[in-house]
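Visitor: Sharing a structure below in structure tokens format, with a few things to ask.
The values are calculated or read from the model by the stated rules, or taken from the named source; none is laboratory data. Quick caveat, the model's predicted, so the values are computed rather than measured. Methodologically, a virtual Cβ is constructed for each residue, glycine included, from the backbone with ideal geometry; neighbour enumeration extends over all protein chains shown. The protein model used for the area step is the full one, side chains on, heavy atoms only, and it has no ligands, DNA or RNA in it. Shrake-Rupley method; radii C 1.70, N 1.55, O 1.52, S 1.80 Å.
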Amino acid sequence: MEKTQKLEAAWWWARNARLAALRQKREEHGDPHNPLRALPGHEAEFEAATELAQSMGVILGALEREIARARGEAVKRKALQLRDMALAFGLASLATLGIAAVFITVGAPDPITQASAVIGTSLSLGWALKIAWK
């Protein structure tokens, strides 16, 4: 998360620098009637602003790729955590439901034993979820 925030801050800085270079190129050094040409005597500044805007565009492209990669990694980590939690829940439920099924199938002597097996199953599943979320 921190990496993504730093990359986004760098992207905003590069975006603002590119917009400032384009604005400077257009307003200060560009011909008002043809913004693709420089005012007479401002050719060097016009070219410098053009190069700065182009280089900021390249930097923006690289930062966008890195932001997408960082977000993809975060999504992948979250998906793996959810998968691990589902596996832990499934394995715990198989183990505890097996014990409850044995008590119920064997016909435990009274409904209290069957109820305690179901309650024990619920508690163990809750415990497995609590451990999986850590």
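Visitor: What is the set of long-range amide H partners of Leu39 at a cut-off below 5 Å, with H atoms built 1.01 Å from backbone N?
Guide: Gly30, Asp31
Visitor: Right, another one. For the chain, what % of the accessible area comes from carbon and sulfur atoms, probe 1.4 Å?
Guide: Ligands and nucleic acids excluded, carbon and sulfur give 66 percent.
Visitor: Of the listed values [x] 2.24; [y] 1.04; [z] 1.16, grab the one calculated as Cα Rg over 2.2 N^0.38 Å from the structure here.
Guide: [x]
Visitor: Hey, what's the chain come to in accessible area per residue, 1.4 Å probe, Å²?
Guide: 73 Å²
Visitor: Separate question: Which distance in nm do the two modelled labels at Ile131 and Ala44 give, with both placed 7 Å along the Cα-to-Cβ direction?
Guide: Inter-label distance under the simple model: 7.3 nm.
Visitor: Another question about this same structure. Could you run the Karplus curve 6.51 cos²θ - 1.76 cosθ + 1.60 with θ = phi - 60° over segment 117-126 and give me ³J(HN,Hα) per residue in whole Hz, x for Gly and Pro?
Guide: Result, rounded to whole Hz: 5, 5, 5, x, 4, 4, 5, 5, 5, x.
Visitor: Hey, another quick one. Over the heavy atoms of Arg18, what accessible area does a 1.4 Å probe trace out, to the nearest 10 Å²?
Guide: So the heavy atoms of Arg18 present about 90 Å² to solvent.
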